[in-house]
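**Student:** Pasting in a structure now, in structure tokens, and then I'll have a few things to ask.
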Amino acid sequence: MTTDTETGTGAGAEDVPVLKDPPAAPGARRFWAVRRIPAALIALLVLGGTGLLLYDVAAVRADRTAMSWRRELADDLATRPLDNAWVLTGAALAVVLGVWLLILAATPGLRSVLPMRRDHTDVRAGLDRDAAALALRDRAMEVSGVQSVRVRMGRRKVAVRAVSHFRELDQVRADVESVSRTGIDDLGLARPPRLTVRVGRPPTKGGRV
């Protein structure tokens, strides 16, 4: 998942990529999502099903007849073959639901929040990717010759694509790379993303460069 921040027109055909690999801070952990809605839905389903089943079992123990739905369900499960389409469909849905719950339990979520460096052990801070992309775009827009900038901010890579309407592309690219790297350092991220810089000319009339 990436965040786009764009102004102006797209770049031309003279794009030249520059790849940099900044060191990553060890031990940085992402923020875990609370996931209240999935937890509440599962809790309600489990509570409702368990309560209904316990009520029916208690009614049977009190010499009352079991609910018709439970008798029909028990008879149907006892007589329906395992290769039946409904049985296979129910099993597939149960597997998908179980895998989904395992993924929710094992992954932190909150992909839009980038963890920042911990200067104090008892304080954790995070930066929204939209805000980070906007800050880097503003830095790049200050470079002389830059007409527009587009920033794609990811957790491991940030791509800066600029359009220059004057000056040499190599000079503009070097300046954009410099201010972008400084901006990434100033963000204080625990894992600085890899930087990719592309600079091109604006498209000419008729769509040809």
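For every residue, the table says whether it meets (1) closer than 26 Å to PRO202 by Cα; (2) modelled with pLDDT under 95; (3) among the β-branched types (Val, Ile, Thr); (4) buried (at least 17 other Cβ atoms within 10 Å of the Cβ).
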site: ALA94; (1), (2), (3), (4): no, yes, no, no
site: THR107; (1), (2), (3), (4): no, yes, yes, no
site: PRO115; (1), (2), (3), (4): no, yes, no, yes
site: THR121; (1), (2), (3), (4): no, yes, yes, no
site: ALA125; (1), (2), (3), (4): no, yes, no, no
site: ASP130; (1), (2), (3), (4): yes, yes, no, no
site: ARG161; (1), (2), (3), (4): yes, no, no, yes
site: SER164; (1), (2), (3), (4): yes, yes, no, yes
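**Student:** Between a first residue in region 61-83 that is under 21 Å from THR50 (Cβ atoms) and a second residue that is surrounded by 11 or more Cβ atoms within 10 Å (Cβ to Cβ) and of a type in the set (D, E, K, R), which pairs have beta carbons less than 8 Å apart while being 6 or more apart in sequence or on different chains?
**Tutor:** Taking only residues 6 or more apart or on different chains, the pairs are ALA66/ASP56; MET67/ASP56; ARG70/ASP56.
Residue by residue, here is whether (1) surrounded by 11 or more Cβ atoms within 10 Å (Cβ to Cβ); (2) modelled with pLDDT of 85 or more holds:
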residue: GLY48; (1), (2): no, yes
residue: ARG64; (1), (2): no, no
residue: LEU77; (1), (2): no, no
residue: ALA91; (1), (2): yes, yes
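**Student:** Still on this structure, I have one more. Identify, please: which residue in region 192-209 is under 25 Å from the mean Cα position of the chain (by Cα) and buried (at least 18 other Cβ atoms within 10 Å of the Cβ) and is, among those, farthest from PRO115 (Cα to Cα)?
**Tutor:** Among those that are under 25 Å from the mean Cα position of the chain (by Cα) and buried (at least 18 other Cβ atoms within 10 Å of the Cβ), it is ARG198.
**Student:** For region 118-162, which positions are acidic (Asp, Glu), in a strand (DSSP E or B) and more than 15 Å from ARG191 (Cα to Cα)?
**Tutor:** none
**Student:** Being hydrophobic (A, V, I, L, M, F, W, C), assigned to a strand (DSSP E or B) and within 15 Å of LYS157 (Cα to Cα) is the filter here; which residues of region 172-201 pass it?
**Tutor:** LEU189, LEU195, VAL197
The values are calculated or read from the model by the stated rules, or taken from the named source; none is laboratory data. What you are looking at is a predicted structure, and each value in this text was computed from that prediction instead of being measured. All Cβ positions, glycine included, derive from the backbone under ideal geometry; neighbour counts span all protein chains shown.
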